[in-house]
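To keep things clear, I will list the structure first and then write my remarks on it.
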Amino acid sequence: MDDYQKHFPVLSQGIYANTAASGLMYTDLVAWRHRHDQQFLEGGSNMKMNAMVRDIPKVRETVGRFFHCKTENIALVPNFSIGLNLLLEGLDLKSKVLLLEDDYPSVNWPFEDRGFNCLYVDTNDRFEDRIRKLILEEGITVFAFSVVQWVDGIAMDIEFLRELKKEHPELLLIADGTQFCGTVDFNFEEGPFDVLGASAYKWLLAGYGNGFVLLKDGVEEALRSPSTGFNAAAGDLEGRDDIGLAKRLEPGHLDTLNFGSLRVSLEFLMGIGMGKIEKRLKELSQKAKKAFSELKLLSDVVVSKTEHSTIFNLRADENTFKKLQKSGVICSQRGGGVRVSFHFYNTEKDIDAIVKILKTRE
């Protein structure tokens, strides 16, 4: 896996431990984007019109292969936040919604600002038990959450979600996969989610301005979104009354540069092999968790988890953050601590170096 580091020039500048904030650009994608814009420069509208007809379906097909989802159930959106907001315009306001406390604002705010009846559960120890109890006792109809929490990397147990869906088949599971997609080899059709959306600029390495929403068959019964536009009808003046839910999330033109970048990056990751990437991330997660636990920098909840993502929130102050930055570690301040995150282009040596910096006294 270390061979792929040469594709990411920024890695030569220091330790990049910030994929949870932004995935990296890589040489092959930059080359493709240059060719695309050179063709646009030379071809003008003819190039763009042809690319929309020819390439956007290829993007949808590639997303379908990557996540094992039917192409007709895939919406291409600029980012997760836009996709969720369009979806919620079709959700009955009488729905009773369960959210996670301190989840990513773009998950919780759209429900709260529309006036849905929202209940909350924190992600402290044994929070799965409290989720199950609230759903049973409070008549929850929608559970919306990030699969991996943005601040500390706590991940929802997929098997727990499968059991939950089996126990409550009418429960609508709406998930933000922005910190999840691109980290595991995942089959959407066999998974528990009714809706899984993501922005693709983080772990999928596709740059900004592209994302997707994956939908299960039948979910349109609960989400009758009124959003529409000429692109939703594929430019057919007679097609206004025959627009499916996925297409209602695509009311306007889709940019061939941004969504073409998504296709290129998914093919890049498939070329590496998502099984290999998942294995690498588990190894990095285990090493980092052990090292940071020994330094007593992790919360008790994270320490108690058998499985964890590669996102860690370290109990560290402003001075520690500045020390990491000064030592060439790119990371973020989140949730009152310092967040570090590792992708397949990171190495165990990166973790060792960060640990050494943390142990060093000023």
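When the listed pairs K165/K276; K96/K165; K322/K359; K133/K165; K58/K216; K296/K349 are checked against a 23 Å cut-off, the alpha-carbon distance exceeds it for K165/K276. Largest GNM mean-square fluctuation across M274, M47, M25, computed for the chain with C-alpha springs under 10 Å, falls on M47. Per residue, the chain exposes an accessible area of 47 Å² to a 1.4 Å probe, with every protein chain left in place.
Applying the criteria of a DSSP loop state and at most 12 other Cβ atoms within 10 Å to the GluC sites (Glu not before Pro) of the range 276-318 yields E307. With helices as the sole contributors, the chain gives -13000 deg cm²/dmol at 222 nm; each DSSP H run of n ≥ 4 counts as -39500 (n - 2.57), and the sum is divided by every residue. Carbon and sulfur atoms: what percent of the 1.4 Å accessible area of the chain do they account for? Carbon with sulfur: 50 percent of the solvent-accessible area. Restricting the trypsin sites (Lys or Arg not before Pro) of the range 295-362 to loop positions (DSSP other than H, G, I, E, B) with no more than 12 neighbouring Cβ atoms within 10 Å leaves K296, R361.
Ordered from highest to lowest accessible area with the whole protein assembly present and a 1.4 Å probe, H168, H343, H34 read as H34, H168, H343.
According to the calculation over all Cα-Cα pairs in the chain, the P(r) per 20 Å bin from zero is 29, 56, 15, 0 %.
Size of the range 275-362 from its Cα atoms: along the principal axes, largest to smallest, the extents are 40, 27, 21 Å.
Report, for the range 1-156, the % of DSSP beta bridges that are antiparallel, rounded to 5. Of the beta bridges lying entirely in the range 1-156, close to 10 percent run antiparallel.
The chymotrypsin sites (Phe, Trp or Tyr not before Pro) of the range 8-37 include none that meets both conditions, a loop assignment by DSSP and at most 11 other Cβ atoms within 10 Å of the site Cβ.
For the range 222-280, the share of alpha carbon pairs falling in successive 5 Å distance bins from zero is 4, 16, 17, 14, 12, 13, 11, 9, 4, 1, 0 percent. Which of T141, T310, T62 ends up with the largest GNM mean-square fluctuation for the chain, with Cα atoms connected below 10 Å? Maximum fluctuation in the GNM of the chain, among the listed residues, is at T141.
Highest GNM mean-square fluctuation among D350, D241, D125, for the chain modelled with Cα contacts below 10 Å: D241. Among beta bridges identified by DSSP and lying wholly in the chain, the antiparallel ones come to about 50 percent.
What is the log10 of I(q)/I(0) for the range 204-248, computed with the Debye formula using one identical point scatterer on each Cα and no solvent, at q = 0.17, 0.23, 0.27, 0.31 Å⁻¹? Normalising to I(0) and taking log10 leaves -0.61, -0.87, -0.98, -1.10.
The values are calculated or read from the model by the stated rules, or taken from the named source; none is laboratory data. Bear in mind the structure is a predicted one, so any value in this text is a computation, not a measurement. So basically every Cβ, Gly included, is an ideal-geometry build from the backbone, and we count neighbours across all protein chains shown. With ligands, DNA and RNA removed, areas are computed over all heavy atoms of the protein, side chains included. Shrake-Rupley method; radii C 1.70, N 1.55, O 1.52, S 1.80 Å.
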